[in-house]
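What follows is a single structure, written as structure tokens, with notes after it.
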Amino acid sequence: MSESHSAGTPLDGPQTDDGQDTDAHTMVRAQIVVDDATFSLAQGQDLADLQQRIESAVHSGGRFESFVVVGNRRMSVLCTAHTRVLFAVETVQYDPRDTGDSEDPFGGFFDV
């Protein structure tokens with residue numbers, strides 16, 4: 001991916017002919033697929049930086065690289081020459097909880 005994207009970039013939602021928002025806002029969300037596991041990246045993740053860190057990890061013989069996923073949870077993945085990594089970018093409905101702050105997780109077992 002040669003373009004620089006930041007996961008979770010807010011975009012304006014659909015608009016009427018007079019420019020009024022019709023419903024929810026959207027944002028760009030990136031996904032990273034590591035081998036067979038898919039993770040949606042939280043807002044604020046710098047894709048170009050993450051790609052560079054993964055490439056560097058592979059060239060150095062392998063190491064763990066961390067990123068924050070939707071739900072504001074920090075993940076670490078061991079990246080080696082045998083790790084398959086794919087990035088995808090999509091537009092999704094805006095979620096104000098998805099701040100990328102791993103100190104403020106949401107979703108999963110602990111939500112009531």
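The values are calculated or read from the model by the stated rules, or taken from the named source; none is laboratory data. As the structure is a prediction and not an experimental result, all values here were calculated from the model. Because the Cβ atoms are built from the backbone with ideal geometry, glycine has one as well, and the counts that use them run over all protein chains shown. When the accessible area is computed, the model is the full protein with side chains, heavy atoms only, and any ligands, DNA or RNA have been set aside. Shrake-Rupley method; radii C 1.70, N 1.55, O 1.52, S 1.80 Å.
Just a few scattered comments:
- Residue list for the range 74-90, filter: in contact with a Gly (Cβ under 9 Å, 6 or more places away or on another chain) and surrounded by 15 or more Cβ atoms within 10 Å (Cβ to Cβ): Cys79, Thr83
- Checked against (1) at pLDDT 75 or above; (2) open to solvent by 70 Å² or more (accessible area, probe 1.4 Å); (3) part of a helix (DSSP H, G or I), Val58 passes all but a single condition, namely (2).
- Evaluating Gln93 against the criteria (1) surrounded by 12 or more Cβ atoms within 10 Å (Cβ to Cβ); (2) touching a residue at least 40 places away in the same chain (Cβ under 8 Å); (3) within 15 Å of Met27 (Cβ to Cβ) leaves one unmet condition, (1).
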